[in-house]
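The values are calculated or read from the model by the stated rules, or taken from the named source; none is laboratory data. Quantities reported herein were computed from a predicted structural model and do not represent experimental measurements. Ideal geometry is used to build each Cβ from the backbone, glycine not excepted, and the neighbour counts take in all protein chains shown. Please note that ligands, DNA and RNA were not included when accessible areas were found on the heavy atoms of the full protein model with its side chains. Shrake-Rupley method; radii C 1.70, N 1.55, O 1.52, S 1.80 Å.
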Amino acid sequence: MIRAAVLGGAGYIGGELLRLLLGHPEVELAAAVSSRLGGKRIDSTHPNLRGLTDLTFCAEEELEQYDVLLLAAGHGATMELLPRLAGHAKTLIDLSGDFRLTDPAVYEAYYGLPHTAPELLGDFVPGAPELAREALRGADRIAVPGCMATAAILALRPLAAEQLIEPDVTVDARTGSSGSGATAGPANTHAERSGAMRVFAPAGHRHEAEIAQSCGVRPTMTATGVEAVRGVQVLCRATLRDGVDETAVRRAYRRHYADEPFVRVVAQRRGMYRLPEPKVLSGSNYCDVGFAVRPEARQVLAVAALDNLVKGGAGNAVQSLNIRMGWPERLGLEFPGLHPV
Amino acid sequence: MIRAAVLGGAGYIGGELLRLLLGHPEVELAAAVSSRLGGKRIDSTHPNLRGLTDLTFCAEEELEQYDVLLLAAGHGATMELLPRLAGHAKTLIDLSGDFRLTDPAVYEAYYGLPHTAPELLGDFVPGAPELAREALRGADRIAVPGCMATAAILALRPLAAEQLIEPDVTVDARTGSSGSGATAGPANTHAERSGAMRVFAPAGHRHEAEIAQSCGVRPTMTATGVEAVRGVQVLCRATLRDGVDETAVRRAYRRHYADEPFVRVVAQRRGMYRLPEPKVLSGSNYCDVGFAVRPEARQVLAVAALDNLVKGGAGNAVQSLNIRMGWPERLGLEFPGLHPV
Amino acid sequence: MIRAAVLGGAGYIGGELLRLLLGHPEVELAAAVSSRLGGKRIDSTHPNLRGLTDLTFCAEEELEQYDVLLLAAGHGATMELLPRLAGHAKTLIDLSGDFRLTDPAVYEAYYGLPHTAPELLGDFVPGAPELAREALRGADRIAVPGCMATAAILALRPLAAEQLIEPDVTVDARTGSSGSGATAGPANTHAERSGAMRVFAPAGHRHEAEIAQSCGVRPTMTATGVEAVRGVQVLCRATLRDGVDETAVRRAYRRHYADEPFVRVVAQRRGMYRLPEPKVLSGSNYCDVGFAVRPEARQVLAVAALDNLVKGGAGNAVQSLNIRMGWPERLGLEFPGLHPV
Amino acid sequence: MIRAAVLGGAGYIGGELLRLLLGHPEVELAAAVSSRLGGKRIDSTHPNLRGLTDLTFCAEEELEQYDVLLLAAGHGATMELLPRLAGHAKTLIDLSGDFRLTDPAVYEAYYGLPHTAPELLGDFVPGAPELAREALRGADRIAVPGCMATAAILALRPLAAEQLIEPDVTVDARTGSSGSGATAGPANTHAERSGAMRVFAPAGHRHEAEIAQSCGVRPTMTATGVEAVRGVQVLCRATLRDGVDETAVRRAYRRHYADEPFVRVVAQRRGMYRLPEPKVLSGSNYCDVGFAVRPEARQVLAVAALDNLVKGGAGNAVQSLNIRMGWPERLGLEFPGLHPV
Amino acid sequence: MIAACPECERKLDLPDSTRLSEVVECPDCRSELEVVSIEPPLLVIAPEAEEDWGE
Amino acid sequence: MIAACPECERKLDLPDSTRLSEVVECPDCRSELEVVSIEPPLLVIAPEAEEDWGE
Ligand SMILES: NC(=O)c1ccc[n+]([C@@H]2O[C@H](COP(=O)([O-])OP(=O)(O)OC[C@H]3O[C@@H](n4cnc5c(N)ncnc54)[C@H](OP(=O)(O)O)[C@@H]3O)[C@@H](O)[C@H]2O)c1
Ligand SMILES: NC(=O)c1ccc[n+]([C@@H]2O[C@H](COP(=O)([O-])OP(=O)(O)OC[C@H]3O[C@@H](n4cnc5c(N)ncnc54)[C@H](OP(=O)(O)O)[C@@H]3O)[C@@H](O)[C@H]2O)c1
Ligand SMILES: NC(=O)c1ccc[n+]([C@@H]2O[C@H](COP(=O)([O-])OP(=O)(O)OC[C@H]3O[C@@H](n4cnc5c(N)ncnc54)[C@H](OP(=O)(O)O)[C@@H]3O)[C@@H](O)[C@H]2O)c1
Ligand SMILES: NC(=O)c1ccc[n+]([C@@H]2O[C@H](COP(=O)([O-])OP(=O)(O)OC[C@H]3O[C@@H](n4cnc5c(N)ncnc54)[C@H](OP(=O)(O)O)[C@@H]3O)[C@@H](O)[C@H]2O)c1
Ligand SMILES: [Zn+2]
Ligand SMILES: [Zn+2]
């Protein structure tokens, strides 16, 4: 058993970390920090945890020593927080955008503010088991990728790595409302957000930088908020290189994901769920990845779906932790999702 | 053509008033007040109005003289506002809860604050055409009933008026999220409110007072927020008096609503939409009313559905205005609702 | 490890049984019967099971010997099937309505057809751990109660058992679309069922018989289909007996459920989720139970929520099986539900 | 007043035609054909029409002479039906896909069956006022474009017509469940279709042919079923020609749509509804069109939204009829949509 | 240290570090409770801003 | 018995009880495959009623 603490535990990623860590057989959830809700029970905020714990939120100042500290605060704030919190645990796992990019200039271009701890960027291993499993085994600074980025990277990686596609790709991402966090504001009231198809990033989205960094492609990404609480789906288009056909594409996906515990290739000719859809993944750590080839046009459509709070965040963090600790990778992440839902 | 002004035009009831008045052939929408959004276009807040108007919100201080002033501010605030605004128009129509109840003691009991203009209560005619059509013809102070109250009153009125039921009734109301207005807060973010079945008034709801006042029954009411933006449905249970059977019940509804332009009796034995449902009423001014009798138990279930922003508010205001002005009652209220939806 | 088979595995309750049994550490899922889909993979129908199993559906004729056989076919069909299937397993767990009622006359009154195996009714123990835990330990014929019945029974039982209420109660049930099973028909297309508030049982629902049988009350029940796929909520009203106050009510719930692994008492004065709501229970085996007392009216509102496919069906079956086998009661049922969702 | 008949009146497009024609001041709805529901009231199928009409469905054989006959049957069936029905009215308006394409070979390639009335293809004018207003004035054979095609064409037309873009474009369409009509089947039950993000046309969609024909571009189109009953949104990506900037793009849209009664250019820098979204268009005949330019990448994203049953079908038919008859173009189409919704 | 919730009678097990005037949350009814005495431990309902909830 | 899916090349492990003309489902692309030979095991895509899917 190791002792873990979560910062930002009142948020949506934080709450998902609490759920997963409370159910993890090797982890004792020792602390959850909230600046607003210190002293309040965590199950008052996250009613799904009723009966599982009597823990209350604590203030940052009350943090002690832990084996692992997971940070689920916003970007910008995190690069300020992390240096002063680093002493509280040997292993730090950050879920914000602050330590995902290796180049501070790219960070500034995409986040619109200079990085205040650029010297730390090099310390971080991506919390992306499919890309960095070996590095994660010894990692004590882990930066989990963004939710839409994870989906797009897992969709594009096999094609890019095997040089089956040209570098220009487009990514059409769709996301549920939990993707923008728990804070109330005029844009996310139920009445306004309900049934939305809100193209909130029509001319470029931050996650482009992560996709480019991980896949070596040149992505153009849009993102649309659709009617869902959880769930991300990406449709990625690319041009196939000369001579690449569906067989080559399918083989690439198989090779890359045959042994992955949490990536499934879903590209069926029959049935209702032929390509990845997030709804059957709610609560699960799977990322489903599929494709469709249009040979005459030399085009491939790569599709991926995941639960933004799990494989797109907290689940990827726990999977990374499992690797880091040498535990079975699926530990605490067994929930497969529901049908119907 | 008369000139109309709306106070609270940035809110949900206010926005619905703007839509209806812009489409009304006898009304010129002359002003819409917002304290927060003065100078901003009204179609920035209400995107459905794009192309219909170039009007901008104004401040209360900019109000001039109008034929009718419609107030769509919250309760509490309205009883303060109304006296100082009364000079701006001959006819005032208020949509808040402040002038619906005739007895200030009942107001205080249900709203938890003393009424600050009790002397005005007697001036108001209910903006309820089915109950007060004659009085509305000459009315210059009109108080539109609450949305769930209107549904329950129209469901129960025929039974109560014809003494078919015992006075104790229960009302289970279900409501969409627009019922709580446009203001963002932790309880109405999309992620929290989505898919909710939130019993927010388990032991009594304010609208009990209006139902009691209008029907002479003793209601016990609960209200549940369900997944919907618009729409209210009420299920009212009552005990039938001795000898009352389904035929008597059906006749009472027919008698009361045969000539009503906006109440339809929906109590079918076959088909998919046998009893009233709000979804096919979205945007329309209908209140559908139905019933089911359980003879052996001497019980009747009365069901009503409406769009809380239309028949439950702005539409009832416009229908009342039509009556007041001697116009055809359906003027500007012809939209019948959609199917499917 | 025991070997289990599921009949009706292509349906919604059947699919949920497959999910739970595949994740159960003491059970090997050995067979899933479907008459329509014999030979087809079960994960083609239930896409959440991809990667967990290669099992295909088999025909009834292919059934062998199992330790337990779970039946998830419709009522009417089940009383025909069960006698001829009984030889395939020592322990039979039925999820249909056919063996829940002890009195064949009540069955005929509520289901509209005579019971064809009335001699077997006495053999069945209710698959309701909170009511029949001791009997379940040795039970080889288990009949799991209906989903809305389970919710209402758990809501009313403490009040009824401790004689805190008068016998006449009303039950206002709300249910998601999965409650009517997987078969397509005009009434459950997405476009028609979406956003519905369909009062499909306005004058009495079958589950009244189960509630009456288990609680000794006289229920009047309505049921409304609301916008949700999973989830049941019931609002039960009763009259408090003389002298009964909120303290007495709360004590009754505590006493009954303090040690129950899957019933939580949720009746809070503060917070967003004060009373039971099904959405945070999706996929979980909890039934949350709460109440609100209106002392001056001597009324109590009892509220319960659950996932109809889990605690309302498959989860209750597995919990009963755990008890029958002497395993820890929570085995295979640990998933706590999600927030937000 | 002219007399109109609708074939396919029990379907979703048919029902929307009934609603619009019943509300049209110059049209008498004289007949609605249904093969399944002959003799049944049309408001049993379309409950929103209760109180507006007592019309019942009739059989095709009962058809008489009308001024206009609107066909809302499926493709394939329509090319068989239309020749034998043509005698019933001077003016025919077809809403199926059968008479939209001018080239029977393209029809066969996209619909997978040979056209059985190729000689009639040349007779049809597109029911697309923005493209064919002049031709519509004298047209007696009108073929209304597909719903997603209309959205994509209105989004791309200004760019293509003014040669601002390269010919290769991609179209990502999202659609609600009413787009697939009223017939029940396993793929459109509420439980399966709810919350879906179903990429049902990953490698090409039929509407490509219409977009190519109307805009002279080479489209690659995907379509995804998302959670909605009504509503279509398209995201079209194209490469800007040398020297084309945002100003040129904005001017093109303005020029094309400044005088269009039902196309609004929505491309705002601020506010919640910056780009077109279908939800505020439900029931309205508007198509909102917007764009975002990414100059450094020479890319433009063109976005359009509409209600598939109105501007994407029945509304476009009525607008075309208004033009054909020389009536004001907005007649019977004034409903602006709702907010919130 | 055991004290009862004055609202719902739930027994609260207060940690030894509990200080006077501290506010704790009842696990059952979620009332906010102020510690007004340590020996014997005594809780009263804390004054609270009216929370708006519902529609 | 191992045979490859003619659609997607996935290797299928057919049980020994597999009979001629039996239809199996490819776990990857979900094509319906007919067993047209046992020794050597050989699969072809089974003729199928066009499945309507989508809108
Ligand atoms: N939502 C997703 O789908 C998703 C997926 C992957 C990654 N992420 C990333 O995860 C992080 C959290 O996202 P979220 O969606 O959970 O947001 P959220 O719901 O808004 O929660 C953020 C939490 O951070 C805490 N916080 C904010 N500023 C802080 C500060 N200066 N110091 C300490 N704590 C602070 C807040 O807690 P208190 O106010 O209680 O202190 C809040 O609960 C973000 O960086 C986000 O980009 C989100
Ligand atoms: N929503 C419903 O279903 C419904 C149905 C029937 C009746 N009602 C009643 O209608 C009223 C409005 O409800 P709503 O849902 O539209 O609420 P809302 O969306 O919150 O809008 C209320 C509006 O009132 C304005 N306002 C608030 N305080 C004010 C003040 N002191 N002076 C002037 N304006 C003030 C605000 O505008 P600015 O901030 O821009 O000034 C706000 O836009 C309430 O009394 C409600 O009870 C609502
Ligand atoms: N849905 C709920 O919330 C819920 C909750 C508690 C209990 N229940 C009860 O559980 C049972 C199943 O409900 P469901 O919702 O899962 O229904 P469902 O989705 O319609 O599934 C029923 C299954 O039963 C099979 N079946 C039907 N007739 C059969 C027969 N004569 N012999 C063998 N199999 C037959 C069908 O499979 P094939 O066609 O493939 O053979 C079908 O998949 C019902 O009795 C229901 O009352 C349902
Ligand atoms: N749904 C949309 O968003 C949309 C938008 C634009 C265009 N369209 C097109 O409009 C047409 C209708 O679409 P829909 O969505 O309304 O479909 P739908 O709901 O399935 O309705 C089609 C109707 O056509 C009738 N019909 C079918 N075969 C017929 C035949 N052989 N002879 C006479 N009537 C027949 C059926 O009526 P009975 O069974 O009662 O005879 C049915 O009600 C299709 O061609 C579709 O492509 C649809
Ligand atoms: Zn308490
Ligand atoms: Zn295959």
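The range A:241-323 gives an Rg/Rh value of 1.03, both radii derived from C-alpha positions and Rh following Kirkwood. A cut-off of 5 Å between modelled amide H atoms, ignoring neighbours fewer than 5 places along the same chain, links residue C:2 with C:27, C:28.
Protection proxy ranking, highest mean first, for peptides D:163-170, D:317-324: D:317-324, D:163-170, where packing is the per-residue count of other beta-carbon atoms within 10 Å, averaged.
Identify, among C:116, C:313, B:87, the residue whose Cα sits farthest towards the positive end of the charge dipole of the protein assembly as shown, taking +1 on the Cβ of Lys and Arg and -1 on the Cβ of Asp and Glu, with the dipole about the Cα centre. Farthest towards the positive end: B:87. Between residue C:296 and residue E:21, the modelled labels are 3.7 nm apart [label points 7 Å from Cα along Cα→Cβ]. The packing ranking of peptides D:187-197, C:298-308, highest mean first, is C:298-308, D:187-197, where packing means the average number of other beta carbon atoms within 10 angstrom of each residue. For the range F:1-44 versus the range D:311-341, the spacing of their alpha-carbon centroids is 55 Å. With the convex hull of its Cα atoms as the shape, the range A:182-300 has an orientation-averaged projected area of 9.7 nm².
Its Cα centre serving as origin, the protein assembly as shown has a Cβ charge dipole (Lys and Arg +1, Asp and Glu -1) of approximately 1140 debye. For the segment D:329-338, counting C-beta atoms of other chains within 10 Å of every residue's C-beta and taking the mean gives 5. Spin-label model, residue B:163/residue B:269: points 7 Å from Cα along the beta carbon direction are separated by 3.1 nm. Rounded to whole numbers, the Karplus 3J(HN,Hα) couplings from phi for the range D:80-87 are 7, 5, 4, x, 6, 9, 4, x Hz, using 6.51 cos²θ - 1.76 cosθ + 1.60 with θ = phi - 60°, and x at Gly and Pro. Expressed in Å, the radius of gyration and Dmax of the Cα atoms of the range C:59-145 are 12.7, 36. Neighbouring Cβ atoms from other chains, within 10 Å of the Cβ of residues in D:253-263, number 0 on average. I need the shape label for the range C:98-162. Rule: rounded when a/c is under 1.5, else prolate if a/b > b/c, else oblate, with a, b, c from the alpha carbon gyration tensor. It is oblate, given that a/c is not under 1.5 and a/b is not larger than b/c.
Going by average Cβ neighbours within 10 Å, how do the peptides A:117-129, C:217-229 rank, with the highest at the top?
By packing density, highest mean first, the sequence is C:217-229, A:117-129.
The Rg/Rh ratio for the range A:1-58, using Cα coordinates for both the radius of gyration and the Kirkwood hydrodynamic radius, is 0.92.
Accessible surface of residue D:1, taken over heavy atoms with a 1.4 Å probe and every protein chain present, rounds to 150 Å².
For chain A, modelled as a GNM whose springs connect Cα atoms under 10 angstrom apart, the maximal fluctuation among A:257, A:66, A:273 occurs at A:273.
Relative contact order (percent) for chain C, with alpha-carbon contacts under 8 angstrom and 6 or more residues of separation?
Numbers: 761 pairs, mean separation 57.2, N = 341.
It comes to 17 percent, rounded to a whole number.
Based on Cα contacts under 8 Å between residues 6+ apart, the range A:2-123 shows a relative contact order of 23 percent. Entry for the protein assembly as shown at q = 0.07, 0.08 Å⁻¹: log10 I(q)/I(0) = -0.79, -1.07, Debye formula applied to identical alpha-carbon scatterers, no solvent contribution. Taking amide H as placed 1.01 Å from N in the peptide plane, residue D:124 has no amide H partner under 5 Å among residues 5 or more places away or on another chain.
Spherically averaged projected area of the convex hull of Cα atoms, the range E:2-45: 2.5 nm². Note on the range C:147-307: with charges restricted to the Cβ of Lys and Arg (+1) and Asp and Glu (-1), its dipole about the Cα centre is near 300 debye.
Annotation for the E:B interface, with buried accessible surface near 600 Å², both sides summed [1.4 Å probe; non-protein components not counted].
For the range E:25-43, accessible area lost to neighbouring protein chains reaches 10 Å² or more, against the chain alone with a 1.4 Å probe, at E:25, E:27, E:28, E:29, E:30, E:31, E:32.
Looking at A:151, A:257, A:268, which one has the Cα that reaches farthest to the positive end of the dipole of the range A:147-307 (charges on Cβ: Lys, Arg +1; Asp, Glu -1)? Farthest towards the positive end: A:268. Summarising the overall dimensions of chain D from its C-alpha atoms, the Rg and Dmax are 19.4, 63 angstrom. Rounded to the nearest 10 degrees, the inclination of helix C:246-257 to the longest alpha-carbon principal axis of chain C is 20 degrees. Every helix of 4 or more DSSP H residues in chain B counts as -39500 (n - 2.57), and over all residues that averages to -7500 deg cm²/dmol at 222 nm. Please work out the Cα center distance from the range B:131-149 to the range B:19-69, rounded to the nearest Å. Result: 23 Å between the Cα centres.
In the context of the full set of protein chains, the range D:147-307 has a per residue accessible area of 30 Å² (1.4 Å probe). Between residue B:330 and residue D:133, the FRET efficiency from the beta-carbon distance, with R0 = 35 Å, is close to 0.60. About its Cα centre, chain E has a charge dipole of approximately 360 debye under the convention of +1 per Lys or Arg Cβ and -1 per Asp or Glu Cβ, with nothing else charged.
Using the heavy atoms of the protein chains and a 1.4 angstrom probe, tell me the accessible area per residue for the range D:2-123 in square angstrom.
38 Å²
The calculated FRET efficiency for the pair residue D:106 and residue D:40, based on their C-beta separation and a Förster distance of 35 Å, comes to about 0.35.
As a calculated quantity, the FRET efficiency between residue D:245 and residue D:183 at R0 = 45 Å, using C-beta atoms, amounts to about 0.40.
Roughly how big is the C-A contact, given as buried accessible area in Å² (both sides, 1.4 Å probe, nearest 100)?
Adding both sides of the contact gives about 2900 Å².
The accessible surface of chain D, taken with every protein chain in place and a 1.4 Å probe, is 49 percent carbon and sulfur. Summed over all non-identical Cα pairs, the Kirkwood treatment of the range C:1-156 gives a radius of 16.1 Å.
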